[in-house]
Amino acid sequence: MQLISPTDSMFLLVESREHPMHVGALQLFEPPEGVSGSDFLREAHQAMVDEQDFQPTFRKHPARVLGGIANLTWAEDDDVDLDYHLRRSALPAPGRVRDLLELTSRLHGTLLDRHRPLWEAHLIEGLSDGRFAVYIKFHHALIDGVSALKLTQRALSTDPTDTQFRVPWNLPHAPRPAPEEASTLQKITRTMGSVAGLAPSALSLARSALLEQQLTLPFGAPRTMFNVPIGGARRVAAQSWPLERIRNVKAAAGVTVNDTVLAMCAGALRGYLIEQDALPDAPLIAMVPVSLRTEAEADTGGNMTGIMLCNLATDIVDPAKRLDAISTSMRNNKKVFSELPRTQQLALSATMLAPLGLGAVPGFVSTAPPPFNIVISNVPGTREPMYWNGARLDGNYPLSIALDGQAVNITLANNADNLDFGLVAARGSVPHMQRLLGHLEDSLKELERAVGV
């Protein structure tokens with residue numbers, strides 16, 4: 001049996017009915033011309049059922065130790081019950097996108113069965129416009145969001161005439177350079193070198209973070225309506241925006257695409273909180289995950305994510321000045337982060353993330369200041385249109401995790417010429433969450449006017 005890493009084990013340990021710890025994606029497809037969504041899905045379902053070979057990631061679940069499930073080692077099923085993991089559903093008439101999001105909200109709020117491999121896939125038909133959807137989710141202990149999205153994308157093709165039904169659980173590993181075999185002495189030397197490197201890195205970090213005030217640290221965020229204990233029900237929302245609009249703001253302001261996206265989210269959060277009469281005087285702080293995985297590691301399971309904190313400047317009225325403050329915050333944090341080796345980047349990220357684990361302590365979320373207010377994650381997607389046996393991928397909306405003290409999550413991915421936003425919130429804690437979509441559009445328009453595009 002394979003040991004579960006401490007990072008991956010954490011996602012199993014903190015999971016409860018109120019806190020499902022899986023990541024997912026809602027994909028919208030336009031069927032090929034002349035084919036109905038239901039007919040396409042019937043054929044797709046049969047083709048997928050015929051694929052009974054499973055890569056290790058799709059066979060893993062926590063092992064039983066001394067008669068019970070423990071979070072110490074992985075077990076691998078030799079016989080995966082595909083009828084359980086692959087499900088087909090139909091929306092009630094009239095088949096609105098609203099109905100699809102309501103179904104997805106229920107699916108995203110249910111726990112994965114730890115007695116089985118930690119994933120599910122749902123084929124959903126019945127949309128009134130003829131499209132169909134695929135919702136898939138993986139436990140975060142099994143795979144992180146970036147790797148999950150890349151894995152599902154590899155089942156697609158850039159060729160609309162490609163008629164092969166590929167499934168994520170039976171894909172060949174992506175090609176990667178062969179690792180150079182290290183001797184035992186080399187391994188020991190590298191390990192000692194990493195340990196020895198902690199001291200100068202720690203001194204450098206302390207100087208930059210504490211003396212130069214360049215690193216945004218936890219517990220500097222104000223308390224908001226998002227930073228409360230939550231229940232287990234979820235609500236999701238999804239919408240796409242043309243990437244060209246974000247790039248135009250980026251170019252006019254001299255910032256990055258991610259800076260622009262963070263400013264778009266900051267303006268939306270500011271507008272929503274003003275609407276709820278709940279905007280704090282101090283600026284909101286966002287936790288921004290960054291992937292530390294190399295191309296050679298793209299296919300590996302587990303988690304390899306760095307963490308930065310960004311000042312969202314929600315106290316600033318002017319959208320252009322707010323964007324500049326966000327860009328400065330990200331630039332300073334990246335500078336400190338980039339000076340560290342990856343081992344220390346992961347260690348620093350774990351330190352940033354550690355306060356979330358304290359949410360399990362009774363009363364902590366209600367009494368302690370939040371380490372940050374919201375998670376905003378920009379996941380790399382595809383640069384060109386993608387197809388699944390001729391069906392065009394219209395939308396690819398990543399859906400992440402809400403937690404005690406973190407009732408809203410915003411994750412987005414580029415999909416050809418669009419940025420696809422997936423919002424997840426605790427159903428009972430964030431009223432009218434779908435209004436955030438309207439505030440995102442309003443915020444982008446304000447940025448466009450402010451920078452003159």
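The values are calculated or read from the model by the stated rules, or taken from the named source; none is laboratory data. None of these values were measured; they are calculated from a predicted model. Virtual Cβ from ideal backbone geometry, glycine too; neighbours counted across all protein chains shown.
Of note:
- The residue pairs whose first member lies in the range 113-127 and is farther than 17 Å from Ala25 by Cβ and of a type in the set (Gly, Ala, Ser), whose second member is part of a loop (DSSP other than H, G, I, E, B) and modelled with pLDDT of 95 or more, and whose beta carbons are closer than 9 Å, counting only pairs six or more residues apart or on different chains, are Gly126/Leu91; Gly126/Gly95.
- Residue count for the range 5-64, restricted to those that are loosely packed, with under 14 Cβ neighbours inside 10 Å and of a type in the set (Asp, Glu): 5.
- Residue tally, condition more than 12 Å from Ile376 (Cβ to Cβ), assigned to a strand (DSSP E or B) and modelled with pLDDT of 55 or more, over the range 279-306: 3
- Within the range 67-115, the set of residues being acidic (Asp, Glu) and surrounded by 16 or more Cβ atoms within 10 Å (Cβ to Cβ) comprises Glu76, Asp99.
- When Val408 is tested against (1) within 30 Å of Ala278 (Cβ to Cβ); (2) surrounded by fewer than 22 Cβ atoms within 10 Å (Cβ to Cβ), exactly one condition is not met: (2).
- Any hit, the range 236-244, residues being at pLDDT below 95, of a type outside the set (Phe, Trp, Tyr) and not assigned by TED's automatic domain parsing to the domain that holds Leu118: no
- Condition met for Thr57 (in contact with a Gly (Cβ under 6 Å, 6 or more places away or on another chain) and either farther than 24 Å from Pro398 by Cβ or not in a loop (DSSP other than H, G, I, E, B) (or both)): yes
- Residue match in the range 136-154 (condition: among the small types (Gly, Ala, Ser), at pLDDT 95 or above and within 21 Å of the chain's Cα centre (by Cα)): no
- Residues of the range 20-40 satisfying the condition of being assigned to a loop (DSSP other than H, G, I, E, B) and either farther than 20 Å from Asp8 by Cβ or touching a Lys or Arg at 6+ places or on another chain (Cβ under 9 Å) (or both): Pro20, Pro31, Pro32, Glu33, Gly34, Val35, Ser36
- In the range 413-433, the count of residues that are out of contact with any helix residue (DSSP H, G or I) (no Cβ under 7 Å at 6 or more places or on another chain), surrounded by fewer than 18 Cβ atoms within 10 Å (Cβ to Cβ), under 27 Å from Ile316 (Cβ atoms) and in the same structural domain as Asn311 (by TED's automatic domain parsing) is one or more.
- Residues of the range 20-71 satisfying the condition of being among the charged types (D, E, K, R) and within 28 Å of the chain's Cα centre (by Cα): Glu30, Glu51, Asp53, Arg59, Lys60
- Long-range neighbours under 6 Å by Cβ, at least six apart or interchain, first residue farther than 26 Å from Val430 by Cβ within the range 380-409, second of a type in the set (S, T, N, Q) and surrounded by fewer than 24 Cβ atoms within 10 Å (Cβ to Cβ): Thr382/Gln153; Glu384/Thr158; Tyr387/Ser157; Asn389/Thr163
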